[in-house]
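Each value in this text was obtained by applying a stated rule to the coordinates, not by laboratory testing. Predicted model only: the values in this text are computed from it and were never measured. Here Cβ is always computed from backbone atoms with ideal geometry, including for glycine, and neighbour counts include all displayed protein chains.
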Amino acid sequence: MSESRHSDADRLERRARWLLRAYPAAYRADRGEEITGTLLEATPPGRDWPPPWETARLSGPPAGGTCPSSSGSMSGFSTSSEAWR
């Protein structure tokens, strides 16, 4: 692997980990490696940021309508579609 390609991969991983800071530390400690790996796999070669659709998913509640709390539970958001209107 070339030095440039290696540094691109490092940059991508740093940025993926930065995006995870949207989650509580306990959740990152438990699931951070899995989420980082998924982001890295979803990113096409030559990009230095994860895809926009993956980035957007990290900034809001997961598809189930819940968000991890600092206690590690998955509660706090309504799953009702009315809550998002």
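Tally the residues that are closer than 19 Å to SER7 by Cα and touching a Phe, Trp or Tyr at 6+ places or on another chain (Cβ under 9 Å), restricting the search to segment 20-59.
Final tally of qualifying residues: 2.
Working only within segment 22-51, note down all residues that are in a helix (DSSP H, G or I), surrounded by 13 or more Cβ atoms within 10 Å (Cβ to Cβ) and not aliphatic (A, V, I, L, M).
TYR27, ARG28, ASP30, ARG31, GLY32, THR36, THR38 - these are the residues of segment 22-51 that are in a helix (DSSP H, G or I), surrounded by 13 or more Cβ atoms within 10 Å (Cβ to Cβ) and not aliphatic (A, V, I, L, M).
Taking segment 28-38 on its own, how many of its residues are in contact (Cβ under 8 Å) with a residue 40 or more places away in the chain and under 11 Å from the mean Cα position of the chain (by Cα)?
Count: 0.
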